[in-house]
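Data first, discussion second: the structure below is written as structure tokens.
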Amino acid sequence: MGSLLYLYLILVSLAFTAALSSQGQGIKSARLLDLVLRDYTFRSYNKNNFRTAKLYAIHLPANLTGIRVDSVRYRCGSLTRYGAKIKEFKLPIGVSIQHCVERVLILRQNLGSNWSSIYYDNYELSGYQLISPVLGLLAYNAGDDMVTSTTPFELIIQSDKIPITIDFSNTTKLVNDTSKSGIIPLCASFERDGKVTLTKQVSQNVCTAKKQGHFGLVIESPLMPLKNKRASNWKLAIGSAIGAALGAFLLGLLLIAIFVKVKKKARMEELVRRAYEEEALQVSMVGHVRAPTAAGTRTVPTIEHDYNLHNI
């Protein structure tokens, strides 16, 4: 029984793994991509002695080709007093970093044309087309000694009075081409809850935000439905159906094996009971008491030698 259950659990786990594998390999989640880039950034700081307020490019492995990450570390008070400009992002004077104790590590991401598709796949952008790479601005806690610092956690960059600006002018040629053709892109802000906020530009190819996140430029395009997300949902439905069918089949095999084993055990018990009843002693009345009796099977005694009794 235990071995059958163990085998069943192994087969179900293999079926579940196969269903997940059908979704394709690689990073498909925007949140997971952020965590991977964060880890590579902190590893770079552990291996090198980076100075405060100096921008450093992070070297990424070949499987993340197309992504550019820059990082810079600030003292929390200095960043609030003076602000900062980090590539396309401009943090104004008075910006606050919530939960920042001493220093903050800011990551600037440019996901390029290929990796930006993750946001197109994971967010509802039907009827719109991305015309710029997705740019990200994230902040993490950073102590003086980042080698022995605790596990990095994300901080909140907040700027209510003067917003953060994001300049897309030098990101791709496609942005400039749309501007020349008279098409006015919209600013897309990708929220953590899976929603997309579309707003107008404050100036040509310039967007604003009140906190950190990921941003891009989009234009209306009725011919661009969310095919990737539908395909992903279709694959998920197929994979789930296959996994459920295989799980039901394995569960059926387990139930059949249990039924056969119980049936066999019951039959063996019946055979033992019948054999015991057939070999049981007979019961007779001895006075007023019922008692088992054995059949008379003793050998009748015989005289071995014929003596002449008359001669004695």
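Scanning the stretch 80-99 for residues that are of a type in the set (Phe, Trp, Tyr) and open to solvent by 10 Å² or more (accessible area, probe 1.4 Å) yields one hit, Tyr82.
Of the strands (runs of 3 or more DSSP E) contained entirely in the stretch 59-131, those carrying at least 1 residues that are at pLDDT 90 or above, out of contact with any Ser or Thr (no Cβ under 8 Å at 6 or more places or on another chain) and among the acidic types (Asp, Glu) fall at 68-75.
Picking from residues in the stretch 157-177 that are over 22 Å from Gly83 (Cα atoms) and part of a loop (DSSP other than H, G, I, E, B), the one that is modelled with the lowest pLDDT is Thr172. Among the residues of the stretch 63-79, the one identified as farther than 21 Å from Tyr45 by Cβ and open to solvent by less than 50 Å² (accessible area, probe 1.4 Å) is Gly66. Do you know which residues across the stretch 196-225 are at pLDDT below 90 and in contact with a strand residue (DSSP E or B) (Cβ under 9 Å, 6 or more places away or on another chain)? Glu220, Ser221, Leu223, Met224 - these are the residues of the stretch 196-225 that are at pLDDT below 90 and in contact with a strand residue (DSSP E or B) (Cβ under 9 Å, 6 or more places away or on another chain).
The values are calculated or read from the model by the stated rules, or taken from the named source; none is laboratory data. Note that this is a predicted model, so its numbers are computed, not measured. Reconstructed Cβ throughout: ideal geometry from the backbone, glycine too, with neighbour counts over all protein chains shown. Areas reflect the complete protein model, heavy atoms only, side chains present, ligands, DNA and RNA absent. Shrake-Rupley method; radii C 1.70, N 1.55, O 1.52, S 1.80 Å.
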